[in-house]
Amino acid sequence: MKQLDDIIGKRKADHIDVCLKENVQSRRVTTGFEDIHLVHKALPEIERKKIDLNTTVFGYKFSAPLFVGAMTGGNAKATKINAAIAEAVEELHLGMGVGSQRIAIDNPKAERSFIVVRKKAPTAFILANIGGPQLVSKYGVREAKKAVDMVQANALAIHLNALQEAVQPEGDTNYSNLLQKICKLVQELDVPVIVKETGAGIAAEDAVMLEAAGVAGIDVAGAGGTSWAAVEYYRAKACQNVSSERLGETFWDWGVPTAVSLVETVKSVNLPVIASGGIRNGIDTTKALALGANLTSAAYPFLGPATTGSEDVKKALRYWVGEVRNAMFLVGANSVQKLQKVPVVLTGKTAEWLKARGFQPEVFARRRA
Ligand SMILES: Cc1cc2nc3c(=O)[nH]c(=O)nc-3n(C[C@H](O)[C@H](O)[C@H](O)COP(=O)(O)O)c2cc1C
């Protein structure tokens, strides 16, 4: 067991190092947000400083529709990163996801890097995290509850990372009957269970199955931002695993672009939907909300700031929220609810993709009736 913990601990440290040192963003695929256009209002008829950015999702009142996506835990560096993010989101009344808690579920010594989050953020929204493959192979209700209790989480995220596992040299590629396991957790846990992708997106068919399984929300985490094939490409290269290196290179841009995934999901289910995957600024957040998202999240943009401390995370979050306020001003929306009703124009390959999948342009930007 100790050996497996060491491997997972080293892997989590490698992920942080690779993301900080290498270019792990999508290369050819984009989020599709460049095809989403908000219509400028020359007469906004509202006052910018009076715009209400608050939004309540999963029973939590966020001061703005943004949280820091799941990244890390399990080692000393991760403890510092998690603490910095936690301090920042606490002060700003936002939220954060912790990285996969597998290492601490299996080894209590690694708990510190997760516990620190609730310690530093007693009132923020905290999202616990376990992996789909672990649910298939060995985890059940007991481990999921342990993850939730460890950070006194507001909700639990189950991450889907088939692309990453497929490229990872030591990847776990058994995803059999995962939906059944998710269904059981939903029934047994007393916090909302959210399912998230990790950068390859969720298409309508999967969103419908997840809603039928009873999940409380879906985080689409589409393609166009951090590529986990890219992260594993660099890890494979470093350990001279030529076949995984080649897989990582080939699958670098695999996935459903975030804007497509978001529209498909919003149009197919009646659940809170989180837009993530390559969301990089307040305009992306505003566009995602106008397309029907309830919240947005970003991971990679906060990794660098988190390594230098909570002040830098706070600064990055404040700029972001300021951009959302500005974009809302320029489309004349003085609340998140109003933003979800502003006109949106879809063009280019994103519109083509959605049309080819049976989503008609006139209803792109509307939730399922
Ligand atoms: C360094 C790093 C570590 C991550 N670790 C996890 C993880 O443990 N669990 C998880 O659900 N997602 C993890 N993610 C994925 C993110 O939560 C997110 O879904 C993905 O990176 C896409 O968002 P982005 O383009 O804003 O980075 C990680 C992302 C980064 C950058």
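The values are calculated or read from the model by the stated rules, or taken from the named source; none is laboratory data. Remember, predicted model here, so these are calculated numbers, not experimental data. Neighbour counts run over all protein chains shown; Cβ positions are idealised from the backbone, glycine included. Keep in mind that these areas ignore ligands, DNA and RNA; they rest on the heavy atoms of the full protein, side chains included. Shrake-Rupley method; radii C 1.70, N 1.55, O 1.52, S 1.80 Å.
How large is the Kirkwood hydrodynamic radius of the stretch 222-313, counting all unique pairs of alpha carbons, in Å?
With all distinct Cα pairs of the stretch 222-313 included, I get 14.8 Å.
What percentage of all Cα-Cα pairs in the stretch 210-368 are separated by more than 22 Å?
51
Measure up 119/184; 10/267; 10/287; 181/237; 50/80 against 32 Å on the Cα-Cα distance and list the ones that go over.
Check vs 32 Å cut-off fails for 10/267; 10/287; 181/237; 50/80.
Seen from all sides and averaged, what is the projected area of the convex hull of the Cα atoms in the stretch 59-111, in nm²?
Averaging across all directions leaves 4.0 nm² for the Cα convex hull.
If you look at just the Cα atoms of the stretch 1-96, how large are its Rg and its Dmax in Å?
19.4, 64
Going by a ≥ b ≥ c, the root eigenvalues of the Cα gyration tensor, does the stretch 93-234 fall in the rounded group (a/c under 1.5), the prolate group (a/b larger than b/c) or the oblate group?
Here the stretch 93-234 falls in the rounded category.
Under the Kirkwood approximation for Rh and a Cα-based Rg, what ratio Rg/Rh is obtained for the chain?
Result: Rg/Rh = 0.95.
Sorted by accessible area (1.4 Å probe), largest first, how do 109, 237 line up?
Sorted descending by solvent-accessible area, the residues read 109, 237.
Rounded to the nearest Å, what's the spacing between the alpha carbon centres of the stretch 127-196 and the stretch 263-278? Just the number, please.
Here the two parts' Cα centres lie 19 Å apart.
At 1.4 Å probe size, with the rest of the protein present, what percent of the exposed accessible area of the stretch 1-157 is carbon and sulfur atoms?
Result for the stretch 1-157: 52 percent of the exposed heavy-atom area is carbon or sulfur.
Taking the inverse of the average 1/r across all pairs of different Cα atoms in the stretch 300-356, what Kirkwood radius in Å do you get?
Answer for the stretch 300-356: a Kirkwood hydrodynamic radius of 14.0 Å.
Quick one: which of 95-102, 69-76 comes out on top by average Cβ neighbours within 10 Å, and what's the full order, highest first?
Result, highest mean first: 95-102, 69-76.
Please state the relative contact order of the stretch 36-97 as a whole percent: Cα pairs under 8 Å, 6+ residues apart?
Relative contact order, the stretch 36-97: 29 percent.
Using a 7 Å offset from the Cα along the Cα-to-Cβ direction at both residue 209 and residue 175, what is the distance between the two label points in nm, to one decimal?
Here the modelled spin labels are 0.8 nm apart.
Cα axis of helix 2-21 to longest principal axis of the chain: angle in degrees, 0 to 90, nearest 10?
It works out to around 40 degrees.
For the pair residue 341 and residue 47, what calculated FRET efficiency results from E = 1/(1 + (r/R0)^6), where r is the Cβ-Cβ distance and R0 = 22 Å, to the nearest 0.05?
0.70
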